[in-house]
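What follows is a single structure, written as structure tokens, with notes after it.
Each value in this text was obtained by applying a stated rule to the coordinates, not by laboratory testing. Values in this document were obtained by computation on a predicted structure and should not be read as measured data.
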Amino acid sequence: MVDERVVDHVPPGQPDERDLRRLRSDGENDGYGEADPVRTEEAEQTYERRPVRDGTHIRQGIGVVTTNDGSPVELYALLPDRGEGEIVAAAIRPPATILELGCGTGRMTRQLVARGFRVTAVDESAAMLDHVRDAETVRARIEDLDLGRRFDAVLLASNLMSAAASQRRAFLDACRRHADLVVIETLPLGWTPKEGTAALGDVTTSTRVDRIEDGVVHGVVVYEARDRRWSHAFAMRVFADQAELDAALAEGGLSFDRWLDRDRGWFVATAAATRP
């Protein structure tokens, strides 16, 4: 039997352990194709810091762990590496300190650690953080994070730049509180979504686009792995051109520096005050 759940939150553009949040049971009405408004209300934040774990750390097996909101940790753990560590290394060299925001199960974390970076990995899910090895972990919401210390760079990946404007500003503010250099993943400028099916390791994804309005792409993605299926509606902001991207960065006190890949899905931004 296929186990199907529906996600009602806005995901980033590419499948990732951070893309599926706030899963709900099949019986709940999620307003199919519509994303809930992003909420950025202030809340008292408590941080749970954990020491660096080595490879002997015992974790629950795949298929056992879920987050408090029902997110399938086993699916995130199945997603393969896609060379993100190499891209980050083109922006800053090890043994630099990196604050990774929204680390999920540590797919990018392990790539960075393997290259000699000193990583502090942040996620709001303890179950996700239980999969992270060889890095300091902090359990917290990105929007409220303030560790009171600086890093050589912040990593804001998984297309978190594609979030709604208010949440995107909160993410960028968190970046600026911790570093003057930020490595960011985004959708290519003017990106046009394509429907179809793709494979990411053991995970198969199917995408359906419903509409595009005011630069926001609305649709549904279905993930299938190990006889289970999860589906979610999404709404992704696509920056039409460099000017739109620059304006979004400026809201967070950042300036565009340079692209890191040929497809222009990764770039470096720096604190506006530090630019010549």
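A quarter of the convex hull surface defined by the alpha-carbon atoms of segment 175-219 gives 5.4 nm² as the mean projection. Take every Cα pair under 8 Å whose residues are at least 6 apart in sequence, average their separation, divide by the length of segment 145-276, and the relative contact order is 24 percent.
Derived scalar couplings between HN and Hα for segment 152-162 equal 5, 7, 10, 10, 10, 10, 6, 6, 5, 5, 8 Hz in order, rounded to whole Hz, by the Karplus curve 6.51 cos²θ - 1.76 cosθ + 1.60 (θ = phi - 60°), x for Gly and Pro.
Put simply, the Cα atoms of segment 192-276 extend 54, 29, 21 Å along their principal axes, the longest span coming first.
In order along segment 95-100, the phi-based Karplus estimate (6.51 cos²θ - 1.76 cosθ + 1.60, θ = phi - 60°) of 3J(HN,Hα) comes to x, 4, 8, 10, 9, 9 Hz; Gly and Pro are listed as x. Quick one: Debye curve from the alpha-carbon atoms of segment 70-225 only, equal weights, vacuum; give me log10 I(q)/I(0) at q = 0.09, 0.21 Å⁻¹ to two decimals. Values returned for q = 0.09, 0.21 Å⁻¹ are -0.31, -1.47. For segment 134-141, backbone phi angles converted through the Karplus equation (6.51, -1.76, 1.60; θ = phi - 60°) give residue-by-residue couplings of 6, 8, 5, 10, 9, 8, 6, 7 Hz, Gly and Pro being listed as x. Relative intensity of segment 132-208 on a log10 scale, I(q)/I(0) at q = 0.11 Å⁻¹, equals -0.42, per a Debye sum over C-alpha point scatterers of equal strength in the absence of solvent.
Could you tell me the center-to-center distance, by alpha carbons, between segment 170-208 and segment 77-92 in angstrom? One Cα centre to the other: 13 Å.
For segment 134-207, the relative contact order comes to 31 percent (Cα pairs under 8 Å, sequence separation of at least 6). The mean sequence distance of close C-alpha pairs (under 8 Å, at least 6 residues apart), as a share of the length of segment 99-164, puts its relative contact order at 35 percent.
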